[in-house]
Amino acid sequence: QVQLVESGGGLVQAGGSLGLSCAASGSIFSIKAMGWYRQVPGKQRELVAAITSSGTTTYADSVKGRFTLSRDNAKNTMYLPMNSLKPEATAVYYCNAPNILMDYWGQGTQVTVSS
């Protein structure tokens, strides 16, 4: 089992910044890549950014250049500073960590960007 605990999020005005963190615990040896997804009501959950254990990152086109994903393998924690936020970034953000058996998800944290 893997447990993911998210922190950060909140309310910010458009153009502002927020940061998200995700701390993993449990059977973390089975986890390679980690990522952040977001979801708004009525829409599918979408990938925001992902990072491999070696640090290779992938970003959704909508966040490239504004979000920077990193991870500290020693602390089993992933960080997502989000800059120049837009109202369309408003969503519940979920930490994700898959292994060969299943996907693990955090509880979700709300990010609201006011216009």
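The values are calculated or read from the model by the stated rules, or taken from the named source; none is laboratory data. Computed from a predicted model, the values in this text were never measured in an experiment. Quick reminder, even Gly has a Cβ in these numbers, built from the backbone with ideal geometry, and neighbours come from all protein chains shown. Note: accessible area is taken over every heavy atom of the protein model, side chains too, but ligands, DNA and RNA are not part of it. Shrake-Rupley method; radii C 1.70, N 1.55, O 1.52, S 1.80 Å.
Got a number for residues in segment 89-115 being small (Gly, Ala, Ser) and over 18 Å from residue 18 (Cβ atoms)? Give the steps one after another, and end with the answer.
To start, the set of residues in segment 89-115 that are small (Gly, Ala, Ser) comprises 89, 91, 97, 106, 108, 114-115.
Next cut, over 18 Å from residue 18 (Cβ atoms) only: 97.
Here the count works out to 1.
Does residue 69 satisfy the criteria of being surrounded by 11 or more Cβ atoms within 10 Å (Cβ to Cβ) and in contact with a Gly (Cβ under 6 Å, 6 or more places away or on another chain)? Break it down stepwise before answering.
Numbers: surrounded by 11 or more Cβ atoms within 10 Å (Cβ to Cβ): yes; in contact with a Gly (Cβ under 6 Å, 6 or more places away or on another chain): no.
It is false that residue 69 is surrounded by 11 or more Cβ atoms within 10 Å (Cβ to Cβ) and in contact with a Gly (Cβ under 6 Å, 6 or more places away or on another chain).
Does at least one position in segment 29-46 carry a residue that is hydroxyl-bearing (Ser, Thr, Tyr) and part of a loop (DSSP other than H, G, I, E, B)? Show your work before the answer.
So the first thing to find is which residues in segment 29-46 are hydroxyl-bearing (Ser, Thr, Tyr), and the list is 30, 37.
Okay, now just the ones that are also part of a loop (DSSP other than H, G, I, E, B), so none.
Checking segment 29-46: not a single residue is hydroxyl-bearing (Ser, Thr, Tyr) and part of a loop (DSSP other than H, G, I, E, B).
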| task | Would you check which residues across segment 85-115 are surrounded by 14 or more Cβ atoms within 10 Å (Cβ to Cβ) and touching a Gly at 6+ places or on another chain (Cβ under 6 Å) and list them? | result | 85, 92, 94, 95, 96, 109, 111
| request: Pull up segment 43-61, narrow it to residues that are more than 14 Å from the chain's Cα centre (by Cα) and modelled with pLDDT of 95 or more, then point me to the one that is most open to solvent (accessible area, probe 1.4 Å). | output: 44
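Based on what the data block shows, is residue 85 over 20 Å from residue 1 (Cβ atoms) and not in a loop (DSSP other than H, G, I, E, B)? Can you show your working first?
Working: over 20 Å from residue 1 (Cβ atoms): yes; not in a loop (DSSP other than H, G, I, E, B): no.
For residue 85, the condition - over 20 Å from residue 1 (Cβ atoms) and not in a loop (DSSP other than H, G, I, E, B) - is not met.
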